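The values are calculated or read from the model by the stated rules, or taken from the named source; none is laboratory data. The shown structure was predicted, so the numbers you read here are calculated from the model rather than taken from an experiment. So basically every Cβ, Gly included, is an ideal-geometry build from the backbone, and we count neighbours across all protein chains shown.
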Amino acid sequence: MSNEAMAALIRALLSNVPVWTLILALLLAVLQTRRAWRVDRWAEASLIWIAFWVLGIGGVYGFVAHLAFGPFLAEQIGWPNSPFQNEVAYANLTIGILGFSSVWYRRRDYLLAAMVAYGSWFFADGVGHVVSLLVDNNNAQFNAGSILYTDLLTPLLVVLLLWLSRAERYRLR
């Protein structure tokens, strides 16, 4: 693989963390439940993998990115830089900790609380991206790109998975 191709791959991975972590989580859930597949088992396994990859890895990544590269990220979103970048970083860290600890504790009530925190925050972020797109015509990559869709659709998917897995408790023991 050439240096240019490798650089493009790394750039794509770093700018689409919410996309590839979600896809990876769903694929791992399929692999984990393939021998005794039922929709409720797959949904519960998906939630656990989402907790690890989307909340945990994605949250820590967001923490580092907003803390270390705040001005750059603000520019990529199409917004001015501000001290709130640090607060977004710390909120991302909180989501990361909730995701990792959900996997560690494996309790339905804890997982539910983590998913509610994640879903409410990121869905609201998605609404903010839509408002910025419509009101300010902000077509910046990190405002109107894949983040717009993952911020809106992943929380909705999480709600659906919570509902589908409501009777399953196998992996949460």
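Does Ser101 fit the bill of being assigned to a loop (DSSP other than H, G, I, E, B) and among the small types (Gly, Ala, Ser)?
For Ser101, the condition - assigned to a loop (DSSP other than H, G, I, E, B) and among the small types (Gly, Ala, Ser) - is not met.
Looking only at segment 117-133, count how many residues are closer than 25 Å to Ala29 by Cα, surrounded by 15 or more Cβ atoms within 10 Å (Cβ to Cβ) and free of Cβ contacts under 8 Å to residues at least 60 places away in the same chain.
The total comes to 5.
Kindly check whether there is at least one residue in segment 84-97 that is buried (at least 17 other Cβ atoms within 10 Å of the Cβ) and over 21 Å from Val19 (Cα atoms).
yes
When you look at Phe100, is it more than 19 Å from Asn16 (Cα to Cα), without any contact (Cβ under 8 Å) to a residue 40 or more places away in the chain and out of contact with any Ser or Thr (no Cβ under 9 Å at 6 or more places or on another chain), yes or no?
It is false that Phe100 is more than 19 Å from Asn16 (Cα to Cα), without any contact (Cβ under 8 Å) to a residue 40 or more places away in the chain and out of contact with any Ser or Thr (no Cβ under 9 Å at 6 or more places or on another chain).
Hey, does segment 14-33 have a residue that's out of contact with any Leu (no Cβ under 9 Å at 6 or more places or on another chain), at pLDDT below 95, assigned to a helix (DSSP H, G or I) and loosely packed, with under 13 Cβ neighbours inside 10 Å?
Within segment 14-33, one or more residues are out of contact with any Leu (no Cβ under 9 Å at 6 or more places or on another chain), at pLDDT below 95, assigned to a helix (DSSP H, G or I) and loosely packed, with under 13 Cβ neighbours inside 10 Å.
Residues to consider are Gly128, Gly119; find the one that is of a type outside the set (A, V, I, L, M), in a helix (DSSP H, G or I), under 20 Å from Asp40 (Cβ atoms) and modelled with pLDDT of 95 or more.
Criteria check complete, one pass: Gly119.
So which residues in segment 65-90 are more than 19 Å from Leu148 (Cα to Cα), in a helix (DSSP H, G or I) and free of Cβ contacts under 8 Å to residues at least 24 places away in the same chain?
Leu67, Ala68, Pro71, Phe84, Asn86, Glu87 - these are the residues of segment 65-90 that are more than 19 Å from Leu148 (Cα to Cα), in a helix (DSSP H, G or I) and free of Cβ contacts under 8 Å to residues at least 24 places away in the same chain.
Of all residues in segment 80-96, how many are among the β-branched types (Val, Ile, Thr) and in contact with a helix residue (DSSP H, G or I) (Cβ under 7 Å, 6 or more places away or on another chain)?
2
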